[in-house]
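Below: one structure, written as structure tokens.
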Amino acid sequence: QQQVKQSPQSLIVQKGGIPIINCAYENTAFDYFPWYQQFPGKGPALLIAIRPDVSEKKEGRFTISFNKSAKQFSLHIMDSQPGDSATYFCAASDHYGQNFVFGPGTRLSVLP
Amino acid sequence: EAQVTQNPRYLITVTGKKLTVTCSQNMNHEYMSWYRQDPGLGLRQIYYSMNVEVTDKGDVPEGYKVSRKEKRNFPLILESPSPNQTSLYFCATRGGYSNQPQHFGDGTRLSIL
């Protein structure tokens, strides 16, 4: 119940493409769904987050789509750039943040 | 500048030799946690602390200890390290409830021979 599944494991797109990363969860107590971006040699950093009372959230070129009934959410990166090449983690947390679970990560490469 | 500082950044040691990885934050946050990152498994929570003197197990606590005697520090202790604890470790801190971002340190790479 604590697991967050994430796919694909790796993704290669051309510059300007729209990579999509998908996540799914089981625990209905989760009510906060962030995405973290990690560059080599650095810790993860928050990219964008959503709560289940909305179905979509945009911040710049990054969009989260959320499907509460299916218990799935996804990250879309519009007009992807080589600088977006990183590992992306979805995560889920309950209201008080005591249970915070990460997906296994997606390594994204954006080719110039 | 908000900072989470881990030390050491790299350590190679041998089985059974006690070690401590320190973590310090300057954001006055109550919540701190430790994760280990392994290929294909993402980040798994080892221990977390909601406040001083309050700690709880995460998903993979076996072989680890923590303490939280001060708000800013949250050391991770490996009393008798074993090779399966070779990993990349991250400390994180967060303010308030779950909808606050976690701030991560830059990681500690431990190799246990």
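The values are calculated or read from the model by the stated rules, or taken from the named source; none is laboratory data. Bear in mind the structure is a predicted one, so any value in this text is a computation, not a measurement. Cβ: placed from backbone, ideal geometry, glycine included. Neighbour counts: every protein chain shown.
Quick notes on this one:
- Residues that are within 14 Å of chain A (Cβ to nearest Cβ) and touching a residue at least 60 places away in the same chain (Cβ under 8 Å), drawn from region B:66-95: B:Tyr89, B:Phe90, B:Cys91, B:Ala92, B:Thr93, B:Arg94, B:Gly95
- Subset tally (residues that are in contact with a Phe, Trp or Tyr (Cβ under 6 Å, 6 or more places away or on another chain) and outside any loop (DSSP other than H, G, I, E, B)) for region B:92-109: 5
- When A:Gln98 is tested against (1) more than 9 Å from every other protein chain (Cβ to nearest Cβ); (2) out of contact with any Cys (no Cβ under 8 Å at 6 or more places or on another chain); (3) within 22 Å of B:Gln102 (Cβ to Cβ), only condition (1) is not met.
- In the condition set (1) assigned to a loop (DSSP other than H, G, I, E, B); (2) within 14 Å of another protein chain (Cβ to nearest Cβ), A:Gln37 is compliant with all but (1).
- Subset tally (residues that are over 19 Å from A:Gln38 (Cβ atoms), without any contact (Cβ under 8 Å) to a residue 24 or more places away in the chain and either touching a strand residue (DSSP E or B) at 6+ places or on another chain (Cβ under 9 Å) or outside any loop (DSSP other than H, G, I, E, B) (or both)) for region A:60-112: 5
- One residue from A:Thr87, A:Thr63 being under 27 Å from B:Pro61 (Cα atoms), surrounded by fewer than 21 Cβ atoms within 10 Å (Cβ to Cβ) and either in contact with a Gly (Cβ under 8 Å, 6 or more places away or on another chain) or away from chain B (no Cβ under 14 Å) (or both): A:Thr87
- Residue list for region A:96-111, restricted to those being of a type outside the set (A, V, I, L, M, F, W, C), over 12 Å from the mean Cα position of the chain (by Cα) and more than 26 Å from A:Thr28 (Cα to Cα): A:Ser109
- Of everything in region A:72-95 that is over 11 Å from the mean Cα position of the chain (by Cα) and modelled with pLDDT under 95, the residue that is nearest to B:Gln102 (Cα to Cα) is A:Ser93.
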